[in-house]
Amino acid sequence: MNIKKVLIADDEKRMRKLVSDFLKKEGYSIIEANDGEEALDLFEKEKDIDVVILDVMMPKYDGWMVCRNIRKTSRVPIIMLTARSEEFDELFGFEMGADEYVKKPFSPKILVARVNALFRRSKEEKEDIQVFGKLKIDDNAKVVYVEDEVAELSPKEYELLLYMINNKGVALSREQILNNVWGYDYFGELRTVDTHINRLRIKLENQSDLIHTVRGIGYRFEVEK
């Protein structure tokens, strides 16, 4: 059983202890940072952090800057803690990529409930992420990554790739692909499939060899063992 891990960043030791104590009772493993710079260092070093809790006002880097930097590489759930109550601040936090915005003072039990909810949602989202070598498909966001860079696929190219992945290891005829991706009421030519496969391979760059040509039949998505 994997231990759930939370990073708490707050320059107030008393606040960190309060939140930490309640989360530990829920079975979470806690990592603490007392400023924004330490929070970013710990996030980069630690693996599989499930939720991040950031105080907005921290030394060195404030919570917004930390949130913005984390969002460059990760979709981990982030909760912002703040004593400020202006609507502008809350909206700014969401624009930076925060998932929740909790105003001080707050009920630790309510905060724990929000952490639990975010953890469950994150777990469900992770189940919709598939990785094949250096190719990653996030079906929640409808985004494809090649070596951690976004591959700019058209909606139809994305559907085509997902259909092939969902049938990996199976030799799919052009007619099967056309019917399932374009629909049975589509009256275009079979070479439409070839054209889109070629475009898809170009955009997958060095991961294009995951799509195999099956002579006389069509194509197959296959990961080399």
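The values are calculated or read from the model by the stated rules, or taken from the named source; none is laboratory data. Since the model is a prediction, treat every value here as computed from it, not as a measurement. Ligands, DNA and RNA are stripped out before the accessible areas are found, and what is left, the full protein with its side chains, is counted by its heavy atoms. Shrake-Rupley method; radii C 1.70, N 1.55, O 1.52, S 1.80 Å.
Summarising the overall dimensions of region 116-225 from its C-alpha atoms, the Rg and Dmax are 14.8, 52 angstrom.
Using Cα centres only, tell me the gap between region 8-64 and region 185-207 in whole Å. What the calculation gives is 46 Å, centre to centre.
In the complete set of protein chains, residue-level accessible area for Lys45 is approximately 150 Å², probe 1.4 angstrom.
In plain terms, the C-alpha convex hull of the chain casts an average shadow of 15.5 nm² when viewed from every direction. Rolling a 1.4 Å probe over the protein heavy atoms leaves Ser74 with an accessible area of roughly 30 Å².
Return one whole number: the accessible area per residue of the chain in Å², for a 1.4 Å probe.
Details: 12990 Å² over 225 residues.
For the chain, the solvent-accessible area averages 58 Å² per residue.
In whole percent, how big is the carbon plus sulfur part of the accessible area of the chain, probe 1.4 Å, protein atoms only? All intermediate terms of the calculation are to be shown ahead of the outcome.
Numbers: 6320 of 12990 Å².
Percent of accessible area from carbon and sulfur atoms in the chain: 49.
Amide H to amide H, with H built 1.01 Å from N, Val214 comes under 5 Å of Tyr219, Arg220, counting only residues 5 or more places away or on other chains.
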